[in-house]
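A.B. asks: Here's a structure for you.
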Amino acid sequence: MSKRTRKISKRNARKWILSVLAITAVILMGAVLGTVIGAILNIPAWSPETLYGSETTTLYDRNGKAFYSLHAEENRIQVPLSLIPQHMKEAFIAVEDQKFYEHHGINPIAIVRAILVDIREGEKAQGASTITQQLAKNAFLYPDKTWERKIKEMILAFQLESKYSKDEILEFYLNRIYFGSGAWGVQTASQTYFGKDVDQLSLAESALLAGVVRRPNAYSPFKNPDLAKKRQRVVLNSMVDCGFITQQEADEAYEQELHYKEPVKSRSQYGFFVDYVVDEAERILEEEGLYDNPQDAIYKGGLKIYTTLEPSIQLAAEEAYAQPNAFPNIKSKTGQEIQSAMILLDHRTGEILALVGGRSYTYQRGFNRAVDMLRQPGSAFKPIVVYGPALEMGYHPDYQLEDAPVTFKIGGQTYSPKNYDGKYRGMITMRTAVQWSVNVYAVKLANEIGIKNGIEFAERLGITTLVKSGRVNDLNLATALGGITKGVSPLELASAYGAFANNGILAQHHIIKKIEDNLGNTIYEYRPKYTRVMKEETAWLMTDMLMTVVQAGTGTNAQIPGVQCAGKTGTTQNDNDAWFVGYTPHYTCAVWMGYDQRETMRNTYGGSYPARIWKAAMTKAVAISKGTFSVPSGITSVRICKVSNKLATSACPDEHILASYIGSGNVPLESCDVHVLTNICSETGLLATPGCPAPVQQGFDRTLAPGVPGAVPQEYCPIHGGYVSTQKVTICTDPRHHGRMYLANKSKEGEVGGCPREYLAEIEINNPEQLDYCPLVDHQTQQIPHE
């Protein structure tokens, strides 16, 4: 090849290389220009509010101590720059942006250095972001490593610098950055890692937090304490280089032992309680019209919500629910696990102190059985719809009714209540019926007082779910046994019982005491609401009977040594639900147990597992405050004849007399008219004659048939002489009289009816004028109507 040809070839090669370089440069410039233009066109809309970010809402217990935080995507509490220690500010400037107070948003030298590293590594490897750029990225952009995002970041940084001072930018930055462990901003980070406010941090603590920000997961002192300490050394050395501290101060800070707060416990703790707090906060904020979006205010607005939580009781309840032996270890036929719910309140104030909505807290704002669930209360409803209203109407704890099979005819239908144990006890008092949860007595008494009166009383106690109209309603005797249409929630049932415990005063239940906005202004404060729903005497008499249930009845598993406890068991038809609702002088608690989808539980009753859970929670409560039930001045003690349910007289035998408590305004006005005093010969025990030397007066039941124990004797003393006469009378022997003697009704001329012939019997007795005539409705005589 000639020399000329070689020169031409070299010239063409240079042209080709230059052309390639030129084309590459144009392409690169186009790419850069396109990236810049794309970044400018797609820059996020300017929104100053975004700089502040969402703030965390804090929940406080009844003692004013924070126990829970609510936040949306970021857990943040805003603080002004004036509360942030100077060494905290300097630590961040030293390790993140030493030229912060000199540049105008970007640091060109740092950018060039980062570009060279990126070219050498072949990818976007090193950052050169100033504090202003980091703020722009965190507030407006996604954290992806692209050149377009970097350009947007620089443009936004210039905007920030033009609108805000350096101190304002630093305040925004320190309140927005992420520190790991769910903590956003220096205040939340300080509380999360050290359990103190940011203004209380030492130099050593500030340096450690400043070091965490670069790689929060790796430098977390909870996860990698050794790595966190190494990073702290880097921060302290940088502060020395900047002249913020001396080497000696850096060394002393590094040697300081740091005491970290225990990592946040499982979010399941307090979960059900918190859910109801959020529900109520939303309702309150909406009713007060304080925010357009109450939920945003709760999760992003930095509110302070002061609740009624008593942590010791709540944790004791959660611990009780965590015990496997607290529940029967059986599944239903369809594989369901037995569920449960509990709520405990201070009935003096209506404050809800503890709440458990299920055996385990599975997800936030889920089904909360303590407040959302409606289930039939069974016998736990009797004090509310039968015994309470009866006492209010003047009945007393020793009022007697016969516990025997009975059938009620209502609207062409029949209703025959049965006792849970299949037994019948004969004549029993109200106290006994409550003590052993006797169904027949409760239904008979409900029929006497009128179920409408029972429902009205229940509604006064705050029961809102009773149905009083429509084809299916609760205006029937099944309501006396808790067989109500919709059911009732544990919350309403506990609150209603609280009125008995609180001397007849219903304190409105609530879970929030006060709400403050993010600036500390009080925007809501609960105003106590008290309503007298029954007489004080009624409440005490009900309490006195319910104490018998726990002392020696169906609720003995709820006994707490040395503590006055009153309560009632409840088990619904087919054993679908089991309840124990009870109270001490200061606290009321309701416990429910059953399957979510109604199925029969085996060997699970209100007095078994529910009573034991009640005892576990209440034991912790009474450790705080025990108290005693005081007898109202309006309570008096009277002697009641068990046979007549009237005031006992000297004729009533001792075995038929009960010493009963009763409201002074409801003392019976009538005395016993069943027992009569009769002169008896002291020697023969027969009716005395005029010749008997030492007759004594003795009480007998004048309504009993001759020969029945306790009936008036019919024979006279045969040994002391004297004339006495007897009279022949006709009596009614209908078995419905249960052995009592009544004169028979006989029809006269112009009348029809009377006692049927097959029930008539003639006997000779003395003093027949002491007998009453047969009271049976179908044995009465009637006038023959004239045509």
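A.B. asks: Would you point out the residue of the stretch 624-651, among those that are hydrophobic (A, V, I, L, M, F, W, C) and not in a loop (DSSP other than H, G, I, E, B), that is nearest to V356 (Cα to Cα)?
C.D. replies: Applying the first criterion (hydrophobic (A, V, I, L, M, F, W, C)) to the stretch 624-651 yields 624, 629, 631, 635, 638, 640-641, 643, 647-648, 651.
Now narrow it down to the ones that are not in a loop (DSSP other than H, G, I, E, B): 624, 635, 638, 640-641, 647.
Details: I624: 20, I635: 37, V638: 44, I640: 45, C641: 47, L647: 48 Å.
Applying the filter and picking the extreme gives I624.
A.B. asks: Can you name the residue in the stretch 331-352 that is among the β-branched types (V, I, T), more than 14 Å from the chain's Cα centre (by Cα) and open to solvent by less than 50 Å² (accessible area, probe 1.4 Å) and, of all such residues, is farthest from N368 (Cα to Cα)? Lay out the reasoning, then the answer.
C.D. replies: Pass one, the stretch 331-352, residues among the β-branched types (V, I, T): 334, 338, 343, 349, 352.
Pick out the ones that are also more than 14 Å from the chain's Cα centre (by Cα) and you get 334, 338, 349.
In the following step, the residues that additionally are open to solvent by less than 50 Å² (accessible area, probe 1.4 Å) were identified as 338, 349.
Values: I338: 15, T349: 23 Å.
Looking at residues that are among the β-branched types (V, I, T), more than 14 Å from the chain's Cα centre (by Cα) and open to solvent by less than 50 Å² (accessible area, probe 1.4 Å), I get T349.
A.B. asks: Would you pick out the residues in the stretch 469-490 that are open to solvent by less than 10 Å² (accessible area, probe 1.4 Å) and over 20 Å from the mean Cα position of the chain (by Cα)?
C.D. replies: Within the stretch 469-490, D474, T479, A480, G482, I484 qualify.
A.B. asks: Look through the stretch 425-447, keep the residues that are in a helix (DSSP H, G or I) and polar (S, T, N, Q), and return whichever of them is most open to solvent (accessible area, probe 1.4 Å). Step through it out loud before you land on a result.
C.D. replies: Let us first name the residues in the stretch 425-447 that are in a helix (DSSP H, G or I), namely 430-435, 439-447.
Imposing the further condition that a residue be polar (S, T, N, Q) reduces the set to 432, 435, 439, 447.
Details: T432: 40, Q435: 29, N439: 21, N447: 82 Å².
Looking at the filtered set, the residue picked out is N447.
A.B. asks: Of the conditions (1) small (G, A, S); (2) assigned to a loop (DSSP other than H, G, I, E, B); (3) touching a residue at least 24 places away in the same chain (Cβ under 8 Å), G422 satisfies every one except a single condition; which number is it?
C.D. replies: For G422, the failing item is (3).
A.B. asks: Just need a number here: residues in the stretch 193-212 that are surrounded by fewer than 23 Cβ atoms within 10 Å (Cβ to Cβ) and assigned to a helix (DSSP H, G or I).
C.D. replies: The qualifying residues number 4.
A.B. asks: Can you give me the number of residues within the stretch 275-315 that are over 14 Å from the mean Cα position of the chain (by Cα) and part of a helix (DSSP H, G or I)? Give the steps one after another, and end with the answer.
C.D. replies: Filtering the stretch 275-315 for residues over 14 Å from the mean Cα position of the chain (by Cα) gives 281-306, 312.
Keeping just the survivors that are part of a helix (DSSP H, G or I) gives 281-288, 294-300, 312.
Qualifying residue count for the region: 16.
A.B. asks: Of everything in the stretch 571-623, what is assigned to a loop (DSSP other than H, G, I, E, B), among the small types (G, A, S) and buried (at least 23 other Cβ atoms within 10 Å of the Cβ)? Give them in sequence order.
C.D. replies: Here is the first cut: in the stretch 571-623, the ones assigned to a loop (DSSP other than H, G, I, E, B) are 572, 576, 584-586, 595-608.
Subsequent filtering for residues that are among the small types (G, A, S) retains 606-608.
Correct list: G606, G607.
A.B. asks: Can you find a residue that is without any contact (Cβ under 8 Å) to a residue 24 or more places away in the chain, surrounded by fewer than 18 Cβ atoms within 10 Å (Cβ to Cβ) and not small (G, A, S) anywhere in the stretch 550-566?
C.D. replies: The answer is yes, given that some residue of the stretch 550-566 is without any contact (Cβ under 8 Å) to a residue 24 or more places away in the chain, surrounded by fewer than 18 Cβ atoms within 10 Å (Cβ to Cβ) and not small (G, A, S).
A.B. asks: Quick test for you: out of Q727, Q780, pick the one residue that is touching a residue at least 40 places away in the same chain (Cβ under 8 Å), surrounded by fewer than 17 Cβ atoms within 10 Å (Cβ to Cβ) and over 18 Å from V643 (Cα atoms). First the steps, then the outcome.
C.D. replies: Numbers: Q780 fails: touching a residue at least 40 places away in the same chain (Cβ under 8 Å).
One residue alone meets the criteria, Q727.
A.B. asks: Here's something else I'd like to know. When you scan the stretch 66-104, how many residues do you find that are part of a loop (DSSP other than H, G, I, E, B), in contact (Cβ under 8 Å) with a residue 40 or more places away in the chain and not hydrophobic (A, V, I, L, M, F, W, C)? So that I can check it myself, show each step before the final result.
C.D. replies: So the first thing to find is which residues in the stretch 66-104 are part of a loop (DSSP other than H, G, I, E, B), and the list is 71-75, 77-80, 84-85, 97-104.
Checking which are in contact (Cβ under 8 Å) with a residue 40 or more places away in the chain leaves us with 71-72, 74-75, 77-80, 84-85, 98, 100-101, 104.
Subset that is not hydrophobic (A, V, I, L, M, F, W, C): 71, 74-75, 78, 80, 85, 98, 101, 104.
Selection size over the stretch 66-104: 9.
A.B. asks: Using beta carbons and a limit of 7 Å, which pairs, at least six apart or on different chains, have the first residue in the stretch 186-198 and within 14 Å of L174 (Cα to Cα) and the second one acidic (D, E)?
C.D. replies: Q187/D197; S190/D197
A.B. asks: Can you pull out the residues in the stretch 498-517 that are out of contact with any helix residue (DSSP H, G or I) (no Cβ under 9 Å at 6 or more places or on another chain), open to solvent by less than 10 Å² (accessible area, probe 1.4 Å) and farther than 24 Å from A566 by Cα?
C.D. replies: From the stretch 498-517, those out of contact with any helix residue (DSSP H, G or I) (no Cβ under 9 Å at 6 or more places or on another chain) are 498, 513-514, 516; that's our starting set.
Checking which are open to solvent by less than 10 Å² (accessible area, probe 1.4 Å) leaves us with 498.
Within the stretch 498-517, none qualify.
A.B. asks: Looking only at the stretch 105-147, count every residue that is assigned to a loop (DSSP other than H, G, I, E, B), modelled with pLDDT under 70 and open to solvent by less than 20 Å² (accessible area, probe 1.4 Å) and tell me the total.
C.D. replies: Looking only at that region, the number is 1.
A.B. asks: Also: Among the candidates E769, E764, E749, which residue alone is modelled with pLDDT of 85 or more and open to solvent by 50 Å² or more (accessible area, probe 1.4 Å)?
C.D. replies: Numbers: E769 fails: modelled with pLDDT of 85 or more; E764 fails: modelled with pLDDT of 85 or more.
Result of the check over E769, E764, E749: E749.
A.B. asks: Which of the residues spanning the stretch 156-192 are open to solvent by 20 Å² or more (accessible area, probe 1.4 Å) and of a type in the set (S, T, N, Q)?
C.D. replies: Narrowing the stretch 156-192 to residues open to solvent by 20 Å² or more (accessible area, probe 1.4 Å): 158-159, 161-168, 171, 178, 181-182, 184, 191.
Residues satisfying the conditions are Q159, S162, S165, S181, Q191.
A.B. asks: I'd like to know if the stretch 397-419 contains one or more residues that are open to solvent by less than 50 Å² (accessible area, probe 1.4 Å), farther than 28 Å from G594 by Cβ, part of a helix (DSSP H, G or I) and out of contact with any Ser or Thr (no Cβ under 8 Å at 6 or more places or on another chain).
C.D. replies: No: zero hits.
A.B. asks: So which of L236, L170 ends up being under 28 Å from L70 (Cα atoms) and not in a loop (DSSP other than H, G, I, E, B)? Spell out the reasoning first.
C.D. replies: Working: L236 fails: under 28 Å from L70 (Cα atoms).
Being under 28 Å from L70 (Cα atoms) and not in a loop (DSSP other than H, G, I, E, B) holds for just one of L236, L170, which is L170.
A.B. asks: Sticking with this one: Which ones in the stretch 214-233 are surrounded by fewer than 22 Cβ atoms within 10 Å (Cβ to Cβ) and part of a loop (DSSP other than H, G, I, E, B)?
C.D. replies: Scanning the stretch 214-233 gives R214, R215, P216, N217, A218, S220, F222, K223, N224.
A.B. asks: Would you check if there is a residue in the stretch 525-541 being in contact with a Lys or Arg (Cβ under 7 Å, 6 or more places away or on another chain), in contact (Cβ under 8 Å) with a residue 40 or more places away in the chain and either surrounded by fewer than 21 Cβ atoms within 10 Å (Cβ to Cβ) or outside any loop (DSSP other than H, G, I, E, B) (or both)?
C.D. replies: Just the residues of the stretch 525-541 that are in contact with a Lys or Arg (Cβ under 7 Å, 6 or more places away or on another chain), to begin with: 525-526, 533.
Still in the list and also in contact (Cβ under 8 Å) with a residue 40 or more places away in the chain: 533.
From what is left, the residues that are either surrounded by fewer than 21 Cβ atoms within 10 Å (Cβ to Cβ) or outside any loop (DSSP other than H, G, I, E, B) (or both) are none.
No, the conditions are met nowhere in the stretch 525-541.
A.B. asks: Looking only at the stretch 652-672, filter to residues that are at pLDDT 85 or above and under 20 Å from Q770 (Cβ atoms); which one of those is most open to solvent (accessible area, probe 1.4 Å)?
C.D. replies: H656
A.B. asks: Further, regarding this structure: Taking T465 as meeting all but one of (1) surrounded by fewer than 21 Cβ atoms within 10 Å (Cβ to Cβ); (2) assigned to a helix (DSSP H, G or I); (3) in contact (Cβ under 8 Å) with a residue 40 or more places away in the chain, write down the number of the exception.
C.D. replies: Of the numbered conditions (1) surrounded by fewer than 21 Cβ atoms within 10 Å (Cβ to Cβ); (2) assigned to a helix (DSSP H, G or I); (3) in contact (Cβ under 8 Å) with a residue 40 or more places away in the chain, the odd one out for T465 is (2).
A.B. asks: Same structure, new question: Looking at G685 and the list (1) among the small types (G, A, S); (2) open to solvent by less than 50 Å² (accessible area, probe 1.4 Å); (3) touching a helix residue (DSSP H, G or I) at 6+ places or on another chain (Cβ under 8 Å), which single condition is not satisfied?
C.D. replies: Here G685 clears every test but (3).
A.B. asks: At positive phi, open to solvent by 40 Å² or more (accessible area, probe 1.4 Å) and of a type outside the set (D, E, K, R): which single residue out of G450, G378, G422 fits that description? Working first, answer last.
C.D. replies: Details: G450 fails: open to solvent by 40 Å² or more (accessible area, probe 1.4 Å); G378 fails: open to solvent by 40 Å² or more (accessible area, probe 1.4 Å).
Among G450, G378, G422, only G422 is at positive phi, open to solvent by 40 Å² or more (accessible area, probe 1.4 Å) and of a type outside the set (D, E, K, R).
A.B. asks: Just give me the residues in the stretch 320-336 being in contact (Cβ under 8 Å) with a residue 60 or more places away in the chain and outside any loop (DSSP other than H, G, I, E, B), in sequence order.
C.D. replies: Looking only at the stretch 320-336, we keep the residues that are in contact (Cβ under 8 Å) with a residue 60 or more places away in the chain, and these are 320-321, 326-328, 330, 332-334, 336.
Those that are in contact (Cβ under 8 Å) with a residue 60 or more places away in the chain and outside any loop (DSSP other than H, G, I, E, B): A320, Y321, A326.
A.B. asks: Would you mention how many residues in the stretch 56-104 are surrounded by fewer than 17 Cβ atoms within 10 Å (Cβ to Cβ), among the basic types (K, R) and either within 30 Å of I245 (Cβ to Cβ) or out of contact with any helix residue (DSSP H, G or I) (no Cβ under 9 Å at 6 or more places or on another chain) (or both)?
C.D. replies: 1
The values are calculated or read from the model by the stated rules, or taken from the named source; none is laboratory data. Source: prediction; values computed, not measured. As a convention, Cβ positions derive from the backbone with ideal geometry for all residues, glycine included, and neighbour counts pool all protein chains shown. Just so you know, the surface numbers come from the protein's heavy atoms only, side chains and all, with ligands and any DNA or RNA stripped out. Shrake-Rupley method; radii C 1.70, N 1.55, O 1.52, S 1.80 Å.
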